Amino acid sequence: MLTPITGRVTIVTGASRGIGRGIARAFAAQGARVLIVARDGTAAEAVAQELTAKGGTASAFACDVADADGVQAMAAAAEERYGGIDILCANAGIFPAARLGEMTTAQWDEVLGTNLKGTFLSVSACLPAMRRRGRGRVIITSSITGPITGYPGWTHYAASKAGQLGFMRTAAIELAPSNITVNAILPGNILTEGLEAMGDDYRRQMAASIPLRRLGSIADVANTALFLGSDEASYITGQGIVVDGGQVLPESLAALEGI
Ligand code: NAP
């Protein structure tokens with residue numbers, strides 16, 4: 001049983017759907033006060049209303065995490081509405097596919113701008129408020145793709161997700177004196193709306209390549225974020241937790257066929 005995070009002010013970027021919405025739901029259910037961030041303010045508002053209707057405390061804020069002024073306004077909104085910032089879940093991310101030779105500079109910049117620069121900007125914007133609090137938690141949603149594995153079409157995405165871990169390690173050292181921890185979650189294949197839309201065959205094939213023989217649930221990732229945001233995780237910083245059902249473990253197909 002983790003110490004309750006009741007009242008902790010939590011910003012979740014990319015919380016209008018998918019993993020971010022799951023993290024926001026989990027934190028709100030535990031009593032955190034949650035700022036739901038996405039570019040589409042209407043979608044963010046719908047999530048905030050859902051959480052409020054369930055008795056939680058949540059509100060929406062529309063911004064692009066690649067925009068420095070936007071994320072500054074995001075941090076200011078959390079402080080104005082809730083009096084500070086305790087936890088930042090830097091989760092917003094995009095993953096459009098483009099192969100080398102066809103990928104444009106604009107496509108590269110868009111993915112790195114959202115996933116990597118967006119992480120830097122979000123953390124930077126929340127720092128003053130966390131320092132005023134005398135503590136803080138940063139939880140970055142990275143991926144197994146990039147830090148550990150590769151997938152065709154995703155050189156830009158993989159570079160951004162590996163880059164988040166490089167950022168995390170140095171940020172963890174720099175921010176430790178301010179009692180701010182910085183950790184990352186590396187999800188494998190998580191059953192989000194996007195993955196569901198890829199059809200049964202795709203899902204079956206992916207599940208067959210995972211030792212635990214199932215895709216991850218959004219709750220699997222959200223529960224890891226809850227742990228990293230808890231008092232019990234206060235001595236963990238600069239670490240990535242892989243949440244993938246063992247997907248990265250088999251060294252060959254034979255390793256899986258033998259079980
Ligand atoms: P998703 O369902 O596509 O949701 C992405 C969220 O991010 C949405 O709320 C989206 O809202 C928001 N967003 C995108 N660009 C943004 C921007 N520039 N500024 C602010 N918000 C932005 O994606 P997901 O599958 O949940 O993925 C969430 C995170 O998990 C990503 O970082 C992704 O790389 C990582 N991840 C996912 C998986 C997986 O299996 N799904 C696996 C490994 C890692 P708007 O479009 O309205 O802005």
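Kindly check whether there is at least one residue in region 137-156 that is closer than 13 Å to Val123 by Cα and not in a strand (DSSP E or B).
No, the conditions are met nowhere in region 137-156.
One line per residue, one yes/no per condition, for (1) within 21 Å of the chain's Cα centre (by Cα); (2) within 20 Å of Ile185 (Cα to Cα):
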site	(1), (2)
Ala38	yes, yes
Leu51	yes, no
Ala75	yes, no
Glu80	no, no
Leu88	yes, yes
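Would you pick out the residues in region 1-39 that are within 12 Å of the ligand (Cβ to nearest atom), out of contact with any Lys or Arg (no Cβ under 9 Å at 6 or more places or on another chain) and not small (Gly, Ala, Ser)?
If the condition is that a residue be within 12 Å of the ligand (Cβ to nearest atom), out of contact with any Lys or Arg (no Cβ under 9 Å at 6 or more places or on another chain) and not small (Gly, Ala, Ser), then Ile11, Thr13, Arg17, Ile19, Arg21, Ile23, Val37, Arg39 are the ones that fit.
Between a first residue in region 80-106 that is away from the ligand (no atom under 16 Å from the Cβ) and a second residue that is among the acidic types (Asp, Glu), which pairs have beta carbons less than 8 Å apart while being 6 or more apart in sequence or on different chains?
Correct list of pairs: Ile85/Glu79.
Give the residue, chosen from Gly216, Gly229, Gly246, that is at positive phi and either at pLDDT 95 or above or open to solvent by 40 Å² or more (accessible area, probe 1.4 Å) (or both).
Gly246
In region 148-184, how many are polar (S, T, N, Q), within 16 Å of the ligand (Cβ to nearest atom) and open to solvent by less than 20 Å² (accessible area, probe 1.4 Å)?
3
How many residues are touching a strand residue (DSSP E or B) at 6+ places or on another chain (Cβ under 7 Å) and within 12 Å of the ligand (Cβ to nearest atom) when one looks only at region 119-147?
Counting residues in region 119-147 that are touching a strand residue (DSSP E or B) at 6+ places or on another chain (Cβ under 7 Å) and within 12 Å of the ligand (Cβ to nearest atom) gives 9.
Go through (1) more than 19 Å from Phe95 (Cβ to Cβ); (2) open to solvent by less than 20 Å² (accessible area, probe 1.4 Å); (3) of a type outside the set (Ser, Thr, Tyr) for Glu251 and report which single condition fails.
Result: Glu251 fails condition (2) only.
The values are calculated or read from the model by the stated rules, or taken from the named source; none is laboratory data. It should be emphasised that the depicted structure is a prediction, and the values quoted were computed from it without experimental measurement. Positions of Cβ are backbone-derived with ideal geometry, glycine not excepted, and every protein chain shown enters the neighbour counts. Calculation scope for accessible area: heavy atoms of the full protein, side chains included, ligands and nucleic acids excluded. Shrake-Rupley method; radii C 1.70, N 1.55, O 1.52, S 1.80 Å.
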